[in-house]
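The values are calculated or read from the model by the stated rules, or taken from the named source; none is laboratory data. Everything numeric in this text was worked out from a predicted model, so none of it was measured. With ideal geometry, Cβ positions are generated from the backbone for all residues, glycine too; neighbour counts draw on all protein chains shown.
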Amino acid sequence: MSAARPKQEDTRDGIPSQRQYRVGEIIKKALVEIFERVEIRDPALSGTSITISQVEVGPDLKLARVYIMPLGGRNKKKVLEGLERATVFLRRNVAERVSLKYTPRLVFKVDNAFDSSQHIDKIFRSPEYQINQRFIAGKLREN
């Protein structure tokens, strides 16, 4: 009688595997194609351009987190609600375009990285930051 093999624990500390990256990119490409070519009949999505910044796929490849941002950053909540309503339609269209054993469940999230980068840029341009940079540069020259 053979003992069941224990599940191998992921020793990579939550770092996605190459396969997860690859599947995420394939799903991202399929979704971009769907948004460009297929008419989604949801009033929140009609006429709205959506940027997909990243698709993170879980280790079992059954869940995909799709990070989006509407063009101009407007109506984020409304677009997210529309995408949630269209999830079954989008998942079916992804399944038609991508050959995977399981088509991952799609979960849409607003990508806040855009907001964070704008906030950091604003800090770097602030007068207080510029004054501190000159002060630090002066101190370094003295040493």
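One line per residue, one yes/no per condition, for (1) surrounded by 15 or more Cβ atoms within 10 Å (Cβ to Cβ); (2) farther than 23 Å from Ile15 by Cβ:
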{"position": "Ile26", "(1), (2)": "yes, no"}
{"position": "Ile34", "(1), (2)": "yes, yes"}
{"position": "Glu39", "(1), (2)": "no, yes"}
{"position": "Lys77", "(1), (2)": "no, yes"}
{"position": "Tyr102", "(1), (2)": "no, no"}
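Here is a yes/no grid of residues against (1) at pLDDT below 90; (2) surrounded by 10 or more Cβ atoms within 10 Å (Cβ to Cβ); (3) out of contact with any Asp or Glu (no Cβ under 7 Å at 6 or more places or on another chain); (4) over 24 Å from Gln18 (Cβ atoms):
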site: Leu63; (1), (2), (3), (4): no, yes, yes, no
site: Arg91; (1), (2), (3), (4): no, yes, yes, no
site: Glu96; (1), (2), (3), (4): no, yes, yes, yes
site: Phe108; (1), (2), (3), (4): no, yes, no, yes
site: Ala113; (1), (2), (3), (4): yes, yes, yes, no
site: Ser126; (1), (2), (3), (4): yes, yes, yes, yes
site: Tyr129; (1), (2), (3), (4): yes, yes, yes, yes
site: Gln133; (1), (2), (3), (4): yes, yes, yes, yes
site: Glu142; (1), (2), (3), (4): yes, no, yes, yes
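Identify all residues within region 78-92 that are in contact (Cβ under 8 Å) with a residue 24 or more places away in the chain and either among the β-branched types (Val, Ile, Thr) or assigned to a helix (DSSP H, G or I) (or both); write none if there are none. Please lay out each step first, then the result.
First, the residues of region 78-92 that are in contact (Cβ under 8 Å) with a residue 24 or more places away in the chain: 78-86, 89-90.
Selection gives Lys78, Val79, Leu80, Glu81, Gly82, Leu83, Glu84, Arg85, Phe89, Leu90.
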